[in-house]
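Novice: For reference, the structure I am asking about is given below.
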Amino acid sequence: MNAHMRTISHVLNLRSSVSCLRHYSTVTSHVGSNSSRPTPTKEDLTLKEWKERDARFRKRKTEWKRRQGGETFLDHLIVHVRAGRGGDGCVAFHREKFKPHGPPSGGNGGRGGDIYILPDRHLTTLSSVPSRVRGNAGGQGMGTWQHGRVGAPVTLRVPLGTVVRELPRGDPRRTPDEWEAEEETYAELDKDERRQRWRERRWVHYPTYEGDNTARSAFKQAEWDLWRAEREMRAARRRRDASPLVLDLDRMPLEAERPPDAPLGLPRVRQFGTLIASGGASGYGNPHFQSTTNPSPKFATRGYAGECVTLELELKLLADVGLVGAPNAGKSTLLRALTGGRARSTVAGYAFTTLNPVVGVVRVAEDGSFVGGEDGAVYDETTAERQRERELMESGAYADAPTRNQGSHGRDAPGHIEMFRFTIADNPGLIEYASDNVGLGHSFLRSMERSLALVYVVDLSGPAPWDELRMLQEELEKYKEGMSKRARMVIANKADLLASDGDPDEVRLARAKLTRLEEFVRAEMGHDGRVLDVVPTSGKYSQNLRGVVQKLRTYVEEARLVTQMTPVPSCPSNVHVQ
């Protein structure tokens, strides 16, 4: 019994010692890793490196904030693209009855699949775009002179208005290209090992003939020719890296027109988009190396890897009208009032309620009215509206209520036929120094660049709306020179909060504030001989919105006419016949 207890005690002591050793090794390795890779401080880095590191950290923090609350909107993305690899050539000899020793019959490999990028007007965010795109590989060559199939092209679809930039060499976010990745595999090898590894990646040998092939002069000559071809391929890649790809996909490409009386048997024409990565070259079969001095070559070449590029995608929304204002100026309420409550914008009584742009559609009827322009419509805070809808739903009040299409703006309502529509974007609020990327500055400002017309929204109930207006104009000009010239109107929102009780003195002060705002706009906000319109409104109670919509329609029609007169460049090289 005592011997048995001593054995159990010995096992427990052994386990405790092992656990102590594991804990000690874990702590030691952790301390060693921290000592070998210390966190860099501001003194260890140069000023430029520290600013770049701080800018990347702030961008990640910005994107994290904007994804809170289940938001899926994404307007900045890094995409790693790799085209398809070329197929290997085949080493084979023709065999048939009465011909036991036929000629070389190995087919060539198929070329790797290309990758294109194409704008899609049905997409509104980059969240559906994959961060890694891989092309289709080419097929392998086979016997009896059968070549491998060409890899099918891949089209990367992005929202209309996306700016595409290829990251240059030296950018830490860039992945190594196909040649740099291959060089990394040779880093720790000596000269003979590098040569052997290179041969393994380039050649396909007939079984048991590798040693005999490498000793032949025909193989050495083919190896020399292959090396010279590779040198040209590397030089072409360096020339491409010298001028990185930059695309502005703000318009849909021209579709190839097909005559209406064309026969049905003609091939279908498909628009792939713009080429961003070419597929890898295919390998040659052994008939390619046949000559008078080498009638039966027993080697072939392998396919090459496709091009590897890293793209930076930046989405700039294409809205006809963009609302520009400070936080809590009432832009979200105004958007809901202009769209009849269809826009999914959050309304609350605190600043920075909107962290992502929201685009709504304003539909103008034949008689000049618009959906959402009914008198008496009230648009309260989002939480209050949800609570009211929940109470109505539970009480059964919606059982006999008409739908939106059955209302006054239905399809059969006289005088309410839709004649014109335009999009309007509720952009997040701007603060001072937003042009220097303070707060979430650049993430907000780039969503306004594409708007055909800009509208300032100021809080008329504030102490000095003219100072707020001056700040908005300065931030637009600092971010992009000439951007404020697209402003066409100043909406003095929340006018219902002034003199709400009907006091004559307060009414007089409200009118004086509006008059001073108009004088400020007339004196300091005009450009190119054009004066901005000043319109007092109340987005919450849908007051004085009909005139706003009519003016916005005029602005959009003028801007669209100018845009239609601008020629669209065509890309005939990207149109493929199938």
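Novice: Do you know which residues across the stretch 532-546 are over 20 Å from ALA464 (Cα atoms) and either modelled with pLDDT of 85 or more or in contact with a Ser or Thr (Cβ under 9 Å, 6 or more places away or on another chain) (or both)?
Specialist: LYS540, GLN543, ASN544, LEU545, ARG546
Novice: Hey, another quick one. Does PHE98 meet the test of being of a type in the set (Phe, Trp, Tyr), more than 21 Å from LEU226 (Cβ to Cβ), out of contact with any His (no Cβ under 6 Å at 6 or more places or on another chain) and modelled with pLDDT of 90 or more?
Specialist: no
Novice: Mind checking whether some residue in the stretch 355-365 is on the phi < 0 side of the Ramachandran plot, loosely packed, with under 15 Cβ neighbours inside 10 Å and either at pLDDT 75 or above or not polar (S, T, N, Q) (or both)?
Specialist: Within the stretch 355-365, none of the residues are on the phi < 0 side of the Ramachandran plot, loosely packed, with under 15 Cβ neighbours inside 10 Å and either at pLDDT 75 or above or not polar (S, T, N, Q) (or both).
Novice: Hey, another quick one. Any chance you could count how many residues in the stretch 241-261 are open to solvent by less than 60 Å² (accessible area, probe 1.4 Å) and farther than 27 Å from ASP320 by Cβ?
Specialist: 4
Novice: Do the conditions hold for SER291, that is, is it at pLDDT 90 or above, closer than 29 Å to VAL204 by Cβ, in contact with a Gly (Cβ under 9 Å, 6 or more places away or on another chain) and of a type in the set (Ser, Thr, Tyr)?
Specialist: No; evaluated as a whole, the condition is false for this residue.
Novice: Could you grab me the full set of residues in the stretch 78-108 that are closer than 30 Å to VAL164 by Cβ, of a type in the set (D, E, K, R) and touching a strand residue (DSSP E or B) at 6+ places or on another chain (Cβ under 7 Å)?
Specialist: The answer is ARG82, and nothing else.
Novice: Which of the helices (runs of 4 or more DSSP H) contained wholly in the stretch 133-225 include at least 3 residues that are open to solvent by 60 Å² or more (accessible area, probe 1.4 Å) and of a type in the set (Lys, Arg)?
Specialist: Counting at least 3 such residues, we get 191-202.
Novice: Across the stretch 479-517, which residue is modelled with the lowest pLDDT among those that are in a helix (DSSP H, G or I) and of a type in the set (Ser, Thr, Tyr)?
Specialist: Among residues in the stretch 479-517 that are in a helix (DSSP H, G or I) and of a type in the set (Ser, Thr, Tyr), the one modelled with the lowest pLDDT is TYR479.
Novice: Residues of the stretch 366-388 being at pLDDT below 75 and in a helix (DSSP H, G or I), which ones?
Specialist: THR382, THR383, ALA384, GLU385, ARG386, ARG388, listed by residue number.
Novice: Right, here's the next one. Only residues that are modelled with pLDDT of 75 or more, aromatic (Phe, Trp, Tyr) and farther than 30 Å from GLU475 by Cα: list them for the stretch 389-432, please.
Specialist: PHE420
Novice: With the checklist (1) over 27 Å from the mean Cα position of the chain (by Cα); (2) under 18 Å from GLY303 (Cβ atoms) in hand, flag the one item PRO104 doesn't pass.
Specialist: Just one mismatch for PRO104, condition (2).
The values are calculated or read from the model by the stated rules, or taken from the named source; none is laboratory data. Every value quoted in this text rests on a predicted model; they were computed, and no experiment measured them. Every residue, glycine among them, receives a Cβ derived from its backbone with ideal geometry; neighbour counts consider all protein chains shown. Surface areas here come from the heavy atoms of the whole protein model, side chains and all, with no ligands, DNA or RNA. Shrake-Rupley method; radii C 1.70, N 1.55, O 1.52, S 1.80 Å.
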